[in-house]
Amino acid sequence: MISQDIPNKLFLLDAYALIFRAYYAFIRNPRVNSKGQNTSAIFGFVNAMLDVLNNEKPDHIAVVFDPHGPTFRVEIDPQYKANRDETPEDIKMSTPYIMEIVKAFGIPVIQVDNYEADDVIGTLAKRAEKEGLFTYMMTPDKDYAQLVTEKSVMFRPGRQGNPAEVWDIAAVQERFGVEHPTQVIDILGLQGDSADNIPGIPGIGPKTAAKLIQKYGSVEGLLEHTHELKGKQKENVANFAEQGRMSKVLATIITDVPVDLEWDDLKVTPIHKERLRELFADLEFRTLAKRVLGEELTTVSEGDQMDMFSTNTPAPAKATTPEAAAEPEPEAPALQSVETTEHDYKLIEGDAITGLVKELQGASVYCFDTETTSLNPLEANLVGLAFSVEKGKAYYVPVPQDREVAQGIVDQFRPVFDDPAKEVVAHNFKYDYKVMRRYNVDIQNKVFDTMVAHYLINADMKHGMDLLAETYLNYKPISIETLIGKKGKNQGNMADVDPAQVVDYAAEDADITLQLRETFAPEVSEGNTQKLYDTMEVPLIRVLANMELEGINLDTDGLRAYSAELGRELEVLEKEIKDLAGMDFNVDSPRQLGEVLFDHLRISTKAKKTKTGQYQTSEDVLSRHADDHEIVPKILDYRQAKKLKSTYVDTLPGMVSPETGRVHTSFMQTVAATGRLASNNPNLQNIPIRT
């Protein structure tokens, strides 16, 4: 037992967080039954729930689901979670089954319109605390840390054979660097949350956010002391203050959701055996039936295939064999690593490079990876080159920072890079291609990009090499943090690391990428995506790389002039708004604006408030009141000009490369599951047209 052995113990399960986690845990080898149903999410979720019931022995338990439609946060910011891909169809299919199984276990399913599971769980945890229960919030979601108290803690499921973790107040303080768990809200408000599309304040990451909150206590405290900041940080905090406030509101878990239930409703009760028998038979969960029901499962014959929501028990069919019923549940084997796997990784320098070039020339397929000084290929200098031609065998060639010497080493590999008959394997080839272009090398080989290939195999999954290695090869690669430290301003640089220490890390990357190629190539072919891969995706890599290298010219003088024009326009609009209001107030504050419009001017008697108690003043809400008072169109014009100035006109010139005088975006072809391109840093697909 990981939780405390105490009375009145309540477990609240964050359903979708656990469902997604279960689904992706089996992504390499999904559980598919004879009907073709992918039951991975159902199987994983039920096992997690069983572990809680059997090992943690709660007195009360509930499973909380997100609502079907949007929540109140979308009213505050329409872009909230707008970046998320469509939910995989297999998860959509699985959710009704999971709900039915939970009910058959006698466990309440809780779902409240307009509120996320976080809010419902937060509300129940607060109520439980007042009524003498001790709550375990079961979720991997770090946002729940803000809810942790003496009587409510997080129960984070274990991964890869590791036990679950309990996050109490001390754990939250240590992880986030806060004095009190509620300050996690302020941390999230400043740094934002890419998973939920919460913007935060630009330039503030986790470490900076923690330091600012330690010093100023809250987002509001920071904004009151903006004058104490310096440089770009001061500018960003001043310009994006309202965005920071809104981000804090979006990150706040509500704890006053209207949930109509009694604690007796959540008491652990006996299971409904007949219903579970039906569901397990339908899903073909033989071993789960044996484990839960203590009996051999009778399967449903094809002619009597049942409806999962029926209440009639199907006619008995042929029983499974004892051997089949006793088949153990699959457990993820321990991950392999460089310490547990035979390998031959070599450091290649000086005259030995000639021998490596000859070996590469003799191979029809080779894997190639670069080690560099920067994630930005336009600024990156080579630190080393890694190659592999067979599993478990790879080479690392260090490249010094002296440009002339570095170019001489790179030039020795030109016969390999210039051979159009040869296939080069890489993970995110576009990056390596652009780096090599800085060294006057235009790789002419045929390309197999494992990142792009996996995008075609499973667009819903992430495509990072480390995750793919763990998922498909059961292998945990060396973390770059072991060489240069954790991310942040204090992280080191690969150029400063002794090449002898880099060998295993760099060579392993090439070795693992080559192994992923052997796994993905057949799947691309068998999945009927070979033609798409060969004729569209791979040629597009070089097209996008060349577009990114070329960059886009920006009229910085024109933008500076336009910024000044917008600044004057904003001053005029702000004065007009305050004159129409008949009072001085902060036009950028939604709370103050709402009070002016609906309490002071009373432009509507039907104004709605957000869950935090302030009036709704989003663009769509104000647009509906555009004819109610002449102040409203002025406010809409003010907001449009303000966003245009701060987000685009003032920001884009700062993104011009000093080397080229152009803006260089990144076009990403492996992000959107729909197949569309995405643009990042800056997002040039989101530039408004204002006439």
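The values are calculated or read from the model by the stated rules, or taken from the named source; none is laboratory data. Keep in mind that what you see is a predicted model, and the values were worked out from it rather than measured. Virtual Cβ from ideal backbone geometry, glycine too; neighbours counted across all protein chains shown.
Quick one: is LEU544 surrounded by 16 or more Cβ atoms within 10 Å (Cβ to Cβ) and either among the acidic types (Asp, Glu) or farther than 30 Å from LYS248 by Cβ (or both)? The answer is yes for LEU544.
If a residue has to be polar (S, T, N, Q) and over 24 Å from LYS126 (Cα atoms) to count, how many in the stretch 1-35 make the cut?
3
Per the listing SER34, SER40, SER3, the residue uniquely more than 21 Å from ASN474 (Cβ to Cβ) and either free of Cβ contacts under 8 Å to residues at least 40 places away in the same chain or in the same structural domain as THR123 (by TED's automatic domain parsing) (or both) is SER34.
Mind listing whichever residues of the stretch 523-537 are outside any helix (DSSP H, G or I) and in contact (Cβ under 8 Å) with a residue 24 or more places away in the chain? First the steps, then the outcome.
Filtering the stretch 523-537 down to residues outside any helix (DSSP H, G or I) leaves 527-529.
Once the filter is applied, which keeps residues that are outside any helix (DSSP H, G or I) and in contact (Cβ under 8 Å) with a residue 24 or more places away in the chain, the stretch 523-537 yields GLY527, THR529.
Taking each residue of the stretch 351-372 that is part of a loop (DSSP other than H, G, I, E, B) and looking for partners that are surrounded by 15 or more Cβ atoms within 10 Å (Cβ to Cβ) with beta-carbon atoms closer than 6 Å, six or more apart or interchain, yields ALA363/VAL389. Quick check: anything in the stretch 132-144 of a type in the set (Val, Ile, Thr), at pLDDT 90 or above and over 25 Å from the mean Cα position of the chain (by Cα)? Scanning the stretch 132-144, I find at least one residue that is of a type in the set (Val, Ile, Thr), at pLDDT 90 or above and over 25 Å from the mean Cα position of the chain (by Cα), so the answer is yes.
Tell me which residues, restricted to the stretch 57-95, are assigned to a helix (DSSP H, G or I) and without any contact (Cβ under 8 Å) to a residue 60 or more places away in the chain.
We begin by selecting, within the stretch 57-95, every residue assigned to a helix (DSSP H, G or I); these are 72-76, 89-95.
Of everything in the stretch 57-95, those that are assigned to a helix (DSSP H, G or I) and without any contact (Cβ under 8 Å) to a residue 60 or more places away in the chain turn out to be VAL74, GLU89, LYS92, MET93.
Here ILE253 passes the criteria (1) farther than 30 Å from GLN111 by Cα; (2) outside any helix (DSSP H, G or I) except the one numbered (1). Once the stretch 515-533 is narrowed to residues that are hydroxyl-bearing (Ser, Thr, Tyr) and at pLDDT 90 or above, the residue that is surrounded by the most Cβ atoms within 10 Å (Cβ to Cβ) is TYR533.
Applying the criterion of being in a loop (DSSP other than H, G, I, E, B) and not charged (D, E, K, R) to the residues of the stretch 225-250, the residue that is surrounded by the fewest Cβ atoms within 10 Å (Cβ to Cβ) is HIS225. Please verify whether the stretch 514-522 includes one or more residues that are in contact (Cβ under 8 Å) with a residue 40 or more places away in the chain, touching a Cys at 6+ places or on another chain (Cβ under 8 Å) and of a type outside the set (Ser, Thr, Tyr). Among the residues of the stretch 514-522, at least one is in contact (Cβ under 8 Å) with a residue 40 or more places away in the chain, touching a Cys at 6+ places or on another chain (Cβ under 8 Å) and of a type outside the set (Ser, Thr, Tyr), which makes the answer yes. For the stretch 397-417, a residue qualifies if it is more than 15 Å from ALA380 (Cβ to Cβ), β-branched (Val, Ile, Thr) and not in a helix (DSSP H, G or I), and exactly one does: VAL397.
Mind telling me which of the residues GLY582, GLY551 ends up being on the phi > 0 side of the Ramachandran plot and surrounded by 15 or more Cβ atoms within 10 Å (Cβ to Cβ)? Spell out the reasoning first.
On the way: GLY582 fails: surrounded by 15 or more Cβ atoms within 10 Å (Cβ to Cβ).
Sole residue among the options that is on the phi > 0 side of the Ramachandran plot and surrounded by 15 or more Cβ atoms within 10 Å (Cβ to Cβ): GLY551.
Sub-8 Å Cβ pairs linking a first residue in the stretch 588-607 that is assigned by TED's automatic domain parsing to the domain that holds LYS643 and surrounded by 15 or more Cβ atoms within 10 Å (Cβ to Cβ) to a second residue that is part of a loop (DSSP other than H, G, I, E, B) and of a type in the set (Asp, Glu), at least 6 apart or interchain, are ILE603/ASP628; SER604/ASP628, ordered by first then second residue.
Could you tell me how many of the residues in the stretch 141-164 are over 14 Å from LEU10 (Cβ atoms) and buried (at least 16 other Cβ atoms within 10 Å of the Cβ)? Give the derivation first.
Looking only at the stretch 141-164, we keep the residues that are over 14 Å from LEU10 (Cβ atoms), and these are 141-146, 148, 150, 156-164.
From the residues that got through so far, the ones that are buried (at least 16 other Cβ atoms within 10 Å of the Cβ) too are 141-146, 148, 156-157, 164.
So the count comes out to 10.
Kindly check whether there is at least one residue in the stretch 422-433 that is touching a strand residue (DSSP E or B) at 6+ places or on another chain (Cβ under 9 Å), farther than 26 Å from GLU342 by Cα and among the β-branched types (Val, Ile, Thr). Scanning the stretch 422-433 turns up no residue that is touching a strand residue (DSSP E or B) at 6+ places or on another chain (Cβ under 9 Å), farther than 26 Å from GLU342 by Cα and among the β-branched types (Val, Ile, Thr).
Just so you know, in the stretch 443-498 the residues that are part of a loop (DSSP other than H, G, I, E, B) and under 19 Å from LEU677 (Cα atoms) include one that is modelled with the lowest pLDDT, and it is ASP460.
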